[in-house]
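The values are calculated or read from the model by the stated rules, or taken from the named source; none is laboratory data. Just so it is clear, the model here is predicted, and its values are computed rather than measured. FYI the Cβ positions are ideal-geometry reconstructions off the backbone, even for glycines, and counts take in every protein chain you see.
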Amino acid sequence: AGQRLLVAVPVFDNAHRKVIGVLAAELALRHLLGVVGATRVGQSGYVYVVDARGRVIAHPDFSLVLGRADARSIPEVRDLLAGRPESQEPEMAAYKSLAGKAVFGVQAPVVSLGWGVIVEQTAAEVMAPVRLLRMQLAGILAASVLLGAGLAVVLNLSVARPIARLTQATRQLASGDWSVRMPVARQDDIGLLAASFTQMANDVQQAERMLRRHEHIVSSSTDMLALLDKDYVYLAANAAYLRAHGRPSDEVIGRRVAEVLGEEVFSTVVRPMAEACLAGEDIRFQEWFDFPAAARKFMDVAYFPYRGPNTEVRGFVVTARDITERKHAEQERERLLHDVGERVKELECMYGAARSIRERETLEEIFQDVAALVPLGWQYPAIARGRIVFEGAEYVSDPFEKTEWVQSSDILVNGVCCGALAVS
């Protein structure tokens, strides 16, 4: 207790750069020991001081001071005395104390004296909050596991199983079982979801029924129907269309028009009409077509734009109806009308000749009238001309022109040729 600590520093002559003296001071260790002994850190922590050679000069355990214990056995103290700057932030480290106990310590230098101040606290006290936290976390984890297990059971009963049943029902619906339904016995979100599914299933079933009816109508139709995209690729075609072209569905659907109908038909007939249709117009036309699996047919064809939800034209629909019989009937009617017209002209010519015979007084007048009337009974009266030659006299329609195309017949009187009637 009566020991003293001598502290001495050299005095320099800066002008001559030499030591000119020594400044010394004595310090009673009991004062330093009193300060160190009174400083406590927690329950087990303490502070001690070492000199520049690592010897303990102040410690709550005075025996270490008397025994001049060497603290350089601690790597952290050794590093401190090796010259760590005073401005460097101290760092806590775990190591064995001079007494051989596991501690956490922090070291700080006293640069002016070359000493070191060390603060140590037992590892048990430092780690006590950590152990407590671990125990608390373990308890929380165990409670969470139990709570999670309970929630899992509840969710499995109230959510997972209904969702699993809903998933199974959705798969059945997707596979084509339109009769599947979800019973609704709840008023929560799961119940609303089940009700929505049931409504969707009803709507899908109704839509499927309508679709099948439309498919039946389309497939049963004798009209040819096809849907094509903007690249002239077939998206759909009904049975009548496939039969007419003598191809199965897989040789039409997904192929371009030129591959099915031929490049010439595509370039000369389909493409010009389709381009106008893709521009938004409804196109109708009638044309003769040669079908591989059918005779030559006269078709009434229509192209309609196929529009998407935003009214953008995405392709076109083709409908073609066989009107060959109607075309033949129209042609026959036209032929009959033409024949009737020709007969009418002939009758009018004969009626005119009979009237001339009744009304004219001389044979010359009758021949002149007949020469003018005969061309009116021909197929093309506007360019026909009549001429009668009888006993050397000539009677012609006005104006009369001789051509190389002539139809003529002799005029016989009692079996004797007296002249000729000609139309040119």
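Okay, here's what the table says:
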| read-out | value |
| --- | --- |
| 2 or more residues more than 60 Å from the chain's Cα centre (by Cα) and surrounded by 14 or more Cβ atoms within 10 Å (Cβ to Cβ): qualifying strands (runs of 3 or more DSSP E) within the stretch 284-403 | 386-390, 393-396 |
| Selection status of Ser219, modelled with pLDDT under 70 and part of a helix (DSSP H, G or I) | yes |
| Single residue of the stretch 83-99 satisfying the filter (hydrophobic (A, V, I, L, M, F, W, C) and not in a loop (DSSP other than H, G, I, E, B)) that is modelled with the lowest pLDDT | Ala93 |
| Hits in the stretch 253-275 - residues which are touching a strand residue (DSSP E or B) at 6+ places or on another chain (Cβ under 7 Å), surrounded by 14 or more Cβ atoms within 10 Å (Cβ to Cβ) and without any contact (Cβ under 8 Å) to a residue 24 or more places away in the chain | Ile253, Arg255, Val269 |
| Some residue of the stretch 26-37 being modelled with pLDDT under 80, touching a Pro at 6+ places or on another chain (Cβ under 8 Å) and within 25 Å of Val126 (Cβ to Cβ) | yes |
| Which listed residue is touching a residue at least 24 places away in the same chain (Cβ under 8 Å), of a type in the set (Phe, Trp, Tyr) and out of contact with any Gly (no Cβ under 7 Å at 6 or more places or on another chain), from Phe390, Phe367 | Phe367 |
| Leading residue by the ranking (farthest from Glu346 (Cα to Cα)) among those in the stretch 374-424 that are touching a Ser or Thr at 6+ places or on another chain (Cβ under 9 Å) and among the small types (Gly, Ala, Ser) | Ala420 |
| Single condition Val317 does not satisfy, out of (1) under 30 Å from Ile283 (Cα atoms); (2) not assigned by TED's automatic domain parsing to the domain that holds Ala274; (3) not acidic (Asp, Glu) | (2) |
| Options Pro60, Pro75; residue that is exposed (fewer than 12 other Cβ atoms within 10 Å of the Cβ), under 24 Å from Ala124 (Cα atoms) and either in contact with a Phe, Trp or Tyr (Cβ under 8 Å, 6 or more places away or on another chain) or hydrophobic (A, V, I, L, M, F, W, C) (or both) | Pro75 |
